[in-house]
1. Counting only residues that are surrounded by 13 or more Cβ atoms within 10 Å (Cβ to Cβ) and in contact with a helix residue (DSSP H, G or I) (Cβ under 9 Å, 6 or more places away or on another chain), give me the strands (runs of 3 or more DSSP E) lying completely in region 2-114 with at least 1 of them.
2. Restricting attention to region 146-157, which residues are under 18 Å from residue 183 (Cβ atoms) and under 18 Å from the mean Cα position of the chain (by Cα)?
3. State whether one or more residues within region 126-143 are assigned to a strand (DSSP E or B), over 25 Å from residue 20 (Cα atoms), modelled with pLDDT of 95 or more and in contact with a strand residue (DSSP E or B) (Cβ under 8 Å, 6 or more places away or on another chain).
4. Which ones in region 183-204 are surrounded by 14 or more Cβ atoms within 10 Å (Cβ to Cβ), over 20 Å from the mean Cα position of the chain (by Cα) and under 20 Å from residue 156 (Cβ atoms)?
5. Just checking: which of the strands (runs of 3 or more DSSP E) contained wholly in region 147-203 hold 3 or more residues that are more than 18 Å from residue 137 (Cβ to Cβ) and in contact (Cβ under 8 Å) with a residue 60 or more places away in the chain?
6. Of the residues 170, 208, which single one is surrounded by fewer than 18 Cβ atoms within 10 Å (Cβ to Cβ) and out of contact with any strand residue (DSSP E or B) (no Cβ under 6 Å at 6 or more places or on another chain)?
7. Go through region 27-55 and give me each residue that's in contact (Cβ under 8 Å) with a residue 60 or more places away in the chain and either more than 17 Å from residue 2 (Cβ to Cβ) or in contact with a strand residue (DSSP E or B) (Cβ under 7 Å, 6 or more places away or on another chain) (or both).
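The values are calculated or read from the model by the stated rules, or taken from the named source; none is laboratory data. Since the structure is predicted, the reported quantities are computational estimates derived from the model, not experimental observations. Note: ideal-geometry Cβ built from the backbone for every residue, glycine included; neighbour counts use all protein chains shown.
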């Protein structure tokens, strides 16, 4: 329950480049779909427009499988806290929240939010991580504007950023994406993106094309 929990795992605030392609030690945060599931105990509260959750689990980064004894070794336990507030004012709807993640020497904290009006929606998130890419602080951010042409067809413009040591002039990735989300059925999403990545100190990489499918049941 950390952050916006995007379904696009290639965003740097999630797993980013699961296979590093630009020479950085890390190219995204640790929320990868390839990480084994772990046993988790979670408590939450919803009060009016406010949501709060807190959880404790087996080591997520350590890759402790769900079959491991619940809560495993104390040194590998993962703690996550998330709070969000949503509200509406006239034609506008908004969301704002904060998250915290801790396991061993790794700590991630961030803010997220969004605003929508009519057919336009903006969402964004900024995260600061320590102990993830070695003994340095890293930052990841995401910003996206979605335009609903009509129900089932959305156009997207997105900017992702990741800096493994917050030096900006090197070891940083800036990714610009344009694409569309199509929902042919109520439980199926097709996502098509064209994107370019700028590597600090190197320049622009070739154009990439990404196709994803997501299903819900």
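1. Ranges flagged: 92-103.
2. Across region 146-157, the qualifying residues are 146, 156.
3. No, region 126-143 contains no residue that is assigned to a strand (DSSP E or B), over 25 Å from residue 20 (Cα atoms), modelled with pLDDT of 95 or more and in contact with a strand residue (DSSP E or B) (Cβ under 8 Å, 6 or more places away or on another chain).
4. Correct list: 183 only.
5. Answer list for region 147-203: 188-199.
6. Unique residue meeting the criteria: 170.
7. 27, 28, 29
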